[in-house]
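Down below is the structure, laid out as structure tokens.
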Amino acid sequence: MSFSLKIKPNCVPKRLAIKLNAKGEQSVLNRHPWVFSNSITKINANAKTGDLAIVFSKKANKVIGIGLYDAPSPIRIKMIHSGLEKVEVNAAFFKSKIEKAFAKRQELLQSNTNSYRLLFGENDGFPGLIADVYAHVLVVKLYSEVWLPYLESILKSLQEISNANTIVIRLSRGLQQSQNHDLKDGDIVYGVLENEVVKFVEHGVNFSANVIKGHKTGYFLDHRANRKQVGKWSKSKTVLDVFSYAGGFSVHALYNGAKEVTSLDISKQALEIAIHNGKLNAYSGKHKTIAGDAFKALNKLIQQKITFDVVVIDPPSFAKQASEIELAKKKYAQLAVLGEKLTAKNGLLILASCSSRITTQAFFDINKQVLSATKRDYKTLLKTGHDIDHPVSFLEGSYLKCGYYRFL
């Protein structure tokens, strides 16, 4: 079976000789995956996106790293190798990196789970590239054109290592507008996709993801361990899942014997998916939905004096740029206030954040400050981060944090 890739033939990379200032050089020596444009002091003329950036040390003139040049991005070089070890960037180089990434996921794959992130961007040495597996379908999402010259060989290795029957390409908004390729978001570049809604299993619980039209690659795999944990603590409980999207927390709760689960999301379409995902499993509890703005809906529930045994609040990123950090902190504080009021006596409140610009310490400090200001005693049961298939290799690569608070 062959690959069907539409990449223009002029997309042939050349080698660039790069020198950096002291700050940039130290960053490379520290194995940070990003080199910013203002760190470059010397570079070839006519450098193009996708060219191999060979980084030389300022004094010894030795190669200290190799990256991919990204002309329009402030992160001008995306590093794929750091250190003095000599490497040849070819199909075997990328295959070796994918094999190492796959080995890190083996513990997860020993469980009753057939959905996982095979490549987590920079953290696995592939800046701007994500690869998620849903059962037999591999979904590769590209955030940067730097990968276009190398994509075919990478896809072949991904298919071979994951044993996928089908490969779907998803493109970031920027790449969808690019003139440097003929790929379209949702292109099937290997195999056949009989249904864009793909069924998969997560710790024994059945789910589905729309790999063509769904957010990101179709689903959010990073919270898997937290969903399993919430499920364990939901038996015979009433559960509120806020920003529920496809019902990850809701479905685990129902599967584990929750008495009643309410999924709350602004998207009616997402709530329909949550209901559908629930029905992929056997459960006896009730599954209710609320469509609307989370802040307004939570205030309405409070006015009605409704409480829940388990409340999960997992919002989308509130701080996608530095200017949004302070407003994001206020929103997290507001959600903690609302969540506490909706949590029943002896109930459990789970607060999560996926904003990388809000540090782990800052997020947990906000929760502590808000919950300590209430008149209720509580105990912090758990503080968690990424699941095993989302390894973190540099500071900015960490974004997910989740706190479990039991009210006494």
**Q.** Subset of the stretch 319-333 [in contact with a Lys or Arg (Cβ under 8 Å, 6 or more places away or on another chain), in a helix (DSSP H, G or I) and loosely packed, with under 12 Cβ neighbours inside 10 Å]
**A.** Ala322
**Q.** Search result, residues across the stretch 347-363 that are in a strand (DSSP E or B) and either open to solvent by 10 Å² or more (accessible area, probe 1.4 Å) or not hydroxyl-bearing (Ser, Thr, Tyr) (or both)
**A.** Gly347, Leu348, Leu349, Ile350, Leu351, Ala352
Q: Might you check whether a residue that is more than 27 Å from the chain's Cα centre (by Cα) and within 28 Å of Thr360 (Cβ to Cβ) occurs anywhere in the stretch 261-274?
A: no
**Q.** Whichever residue in the stretch 386-408 is over 30 Å from Val28 (Cβ atoms) and of a type in the set (A, V, I, L, M, F, W, C) and, among such residues, is most open to solvent (accessible area, probe 1.4 Å)
**A.** Leu408
**Q.** Unique match (being open to solvent by less than 30 Å² (accessible area, probe 1.4 Å), aromatic (Phe, Trp, Tyr) and free of Cβ contacts under 8 Å to residues at least 40 places away in the same chain) among Phe120, Phe93, Phe126
**A.** Phe93
(Q) Which condition from (1) open to solvent by 30 Å² or more (accessible area, probe 1.4 Å); (2) closer than 16 Å to Phe295 by Cβ; (3) not in a helix (DSSP H, G or I) is the one that Pro315 breaks? (A) (1)
Q. What residue, of Ile275, Ile266, is open to solvent by 70 Å² or more (accessible area, probe 1.4 Å), over 18 Å from Leu221 (Cα atoms) and among the β-branched types (Val, Ile, Thr)?
A. Ile266
Q. Within the group Ile154, Ile169, which residue is under 17 Å from the mean Cα position of the chain (by Cα), modelled with pLDDT of 95 or more and aliphatic (A, V, I, L, M)?
A. Ile169
Q. If only one of Ala297, Ala274, Ala282 is part of a helix (DSSP H, G or I), modelled with pLDDT of 95 or more and under 30 Å from Asn112 (Cβ atoms), which one is it?
A. Ala274
Q. How many residues, within the stretch 222-242, are more than 23 Å from Gly397 (Cα to Cα) and either among the hydroxyl-bearing types (Ser, Thr, Tyr) or touching a helix residue (DSSP H, G or I) at 6+ places or on another chain (Cβ under 6 Å) (or both)?
A. 8
Q | Selection count where residues are of a type in the set (D, E, K, R) and open to solvent by less than 40 Å² (accessible area, probe 1.4 Å), scope the stretch 69-88 | A | 2
Q) Checking Lys383 against (1) in contact with a Gly (Cβ under 6 Å, 6 or more places away or on another chain); (2) buried (at least 16 other Cβ atoms within 10 Å of the Cβ), which test does it fail? A) (2)
Q.
Pairs please, first residue from the stretch 65-87 and within 15 Å of Gln26 (Cα to Cα), second anywhere and open to solvent by 40 Å² or more (accessible area, probe 1.4 Å) and outside any strand (DSSP E or B), Cβ atoms under 6 Å, 6+ apart in sequence or on different chains.
A. His81/Val87; Ser82/Arg31
Q: Just give me the residues in the stretch 334-346 being within 23 Å of Ser236 (Cα to Cα) and either part of a loop (DSSP other than H, G, I, E, B) or in contact with a Pro (Cβ under 9 Å, 6 or more places away or on another chain) (or both), in sequence order.
A: none
Q. Of the residues that make up the stretch 329-336, is at least one within 15 Å of Arg406 (Cα to Cα) and modelled with pLDDT of 95 or more?
A. yes
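The values are calculated or read from the model by the stated rules, or taken from the named source; none is laboratory data. Because the structure is a prediction, the values reported are computed rather than measured. Every residue, glycine as well, gets a Cβ built from its backbone with ideal geometry; the counts of neighbours run over all protein chains shown. Each accessible area value is taken on the protein alone, full model and side chains, heavy atoms only, with ligands, DNA and RNA left out. Shrake-Rupley method; radii C 1.70, N 1.55, O 1.52, S 1.80 Å.
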